[in-house]
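Each remark here refers to the structure printed beneath this line.
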Amino acid sequence: MILDFEAFGFWERGNEPYGTFAQSEEKAHEGVGSGKLAYDIPAVDKNYVVFLRKPVAPIPGEPQTLTAWVYGDGSGLFLNAWIQDSQGEIRQFPLGRILHTDSWQPMVSTLDPAAPWPQVHISGPDNGAVDYPVSLYGLVLDAEGSPAKSG
């Protein structure tokens, strides 16, 4: 387990001001805490919101997948993880579209740098590989191809 949100830590919102990410006790998959991402994303070009983990959260070993338990709202928005590798490269790996409603579901991403969009290079040296060890750099809620959404 990388994060359980019982100890929320510090998350910094990126440049797009379309949401908040805070610790919550409204719903929890296990324990009493969770991370609640509230969003109000307009129909604009940069229709996403990024939350950066400060400091990054190290991921032990050499995982090939990443799983997040998500309480869904059926929005159809993409949930993506930004992963930073040992060379300083940051890549976006998709956990998928949030299609489930009012329930906890595991969402799984394969750490495959050759996968199609929404897997994409974000910053740093792009060598097309995942160089271990890696860390969770951030989470992204992306409304790509959607009208304005809030939830």
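Bear in mind these aren't lab numbers, they're just calculated from the coordinates by the rules spelled out. Please read all numbers here as calculations on a predicted model, not as lab measurements. Cβ: placed from backbone, ideal geometry, glycine included. Neighbour counts: every protein chain shown.
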Next item on the list: Report the percentage of all Cα-Cα pairs in the stretch 23-151 whose separation exceeds 19 Å, rounded to a whole percent.
Entry: 51
Notebook entry, point to check: Taking the highest mean first, how do the peptides 17-27, 137-147, 93-103 order by number of other beta carbon atoms within 10 angstrom per residue?
Noted result: 137-147, 93-103, 17-27
Margin query: Averaging the inverse of every distinct alpha carbon separation and then flipping it gives the Kirkwood radius. What is it for the stretch 64-136, in angstrom units?
Written below: 12.7
Next item on the list: Positive end of the charge dipole of the stretch 56-127 (Lys, Arg +1 and Asp, Glu -1 on Cβ, about the Cα centre): tell me which of 107, 96, 75 has its Cα farthest that way.
Entry: 75
Next item on the list: Go ahead and set up a Gaussian network model of the chain, Cα springs under 10 Å, then flag whichever of 92, 64, 84 fluctuates most.
Entry: 64
Checklist line | Average Cα contact separation per residue, the stretch 18-96, under 8 Å, 6 or more apart, as relative contact order % | finding: 19
Check: Tell me which lysines have Cα within less than 21 Å of residue 149's Cα, excluding those fewer than 8 residues away on the same chain?
Finding: 36, 46
Next item on the list: Could you work out the relative contact order of the chain, using alpha carbon pairs under 8 angstrom and six or more residues apart, expressed as a whole percent?
Entry: 28
Checklist line | Virtual spin-label span in nm between residue 101 and residue 36, 7 Å along Cα→Cβ | finding: 2.1
Next item on the list: Using the charge dipole of the stretch 17-129 (Lys, Arg: +1 at Cβ; Asp, Glu: -1 at Cβ; taken about the Cα centre), state which of 86, 41, 118 has its Cα farthest towards the positive end.
Entry: 41
Check: Under a point-charge model restricted to the Cβ atoms of Lys and Arg (+1) and Asp and Glu (-1), what is the dipole moment magnitude of the chain relative to its Cα centre, in debye to the nearest 20?
Finding: 200
Checklist line | Full-extension gain in nm, residue 43 to residue 64, via 0.36 nm per residue minus C-alpha separation | finding: 4.2 nm
